[in-house]
1. For the stretch 145-239, which helices (runs of 4 or more DSSP H) that fit wholly inside it have 1 or more residues that are surrounded by fewer than 16 Cβ atoms within 10 Å (Cβ to Cβ)?
2. Which one is surrounded by the most Cβ atoms within 10 Å (Cβ to Cβ) among residues in the stretch 54-81 that are within 19 Å of Leu40 (Cβ to Cβ) and of a type in the set (Ser, Thr, Tyr)?
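FYI, it's all coordinate maths here, none of it is from the lab. Owing to the predicted nature of the structure, the values given are computational and were not obtained by experimental measurement. Cβ atoms come from the backbone with ideal geometry, glycine included; neighbour counts cover every protein chain shown.
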Amino acid sequence: MNRLCCLFLLLCAPTLAQPLRAGVANDTSEPLRQAAEGGLLQTYRQALALIAKQSGVRFQLDYYPTQRLEQLFQVGRLDMEAGVNPSWRALAPVAGFYTQPLGEVEFVLCLPQAKGYAPPAAGAQKGWTVGTLAGQSYPLLEPAFQSRRLRRDLSGNEEELLDKLREGRVQAVVLERGRAQYWSRQTEGRRCLPGESAGSVPVMLRLHPQYRGLLPRLNQAIQTLNSQGKLKPLFGAKN
């Protein structure tokens, strides 16, 4: 019986001959260099480099739109998603296994940045249509969406969000704070004015079920790095 148990564990243990295929959501059509500006793409690359060194688990990192990333995860062509909150994938067919948090990400309302535009007073957003990216939720806005004090309008990428804002089809959009600041500096039509916080959420690594055996190893590495104060500054610099 003991031999059978040992054999079962060996068969189920994930092989580390190849690096884990890791993905990060990149919901903009801009070239990667511009897409990384102000946002978290470089943060996740740096965090995974630290985790790889601490745990011995190697990663092959690529960037995908959220919907494509989820498709690859479902069919087992992606082993891990970096920078995700469990609430964002609550309805996913493949649930995944989550590590301890790497850090926190803050989202903000981004408003039209037009000549003569004055930001509304606090609490004046009742009845607004707010543009959001598919697959994300925001702690401070979800109650208003659920009670229909605010209406949610989904978009597939940042450019689509900002085009709707410029055209007046939505009254505000929600972006990660660093990306909101990036778009506020642009000189073309896709500009917005960062406003109130939409809340912060912890983000984690999401492992495909076939690699759930790596969870303790990755958690130990993340815990060690957090105790050494190496992960939090990567995220703090963006908020």
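1. In the stretch 145-239, 158-167, 215-227, 232-236 are the helices (runs of 4 or more DSSP H) which contain 1 or more residues that are surrounded by fewer than 16 Cβ atoms within 10 Å (Cβ to Cβ).
2. The residue in question is Thr66.
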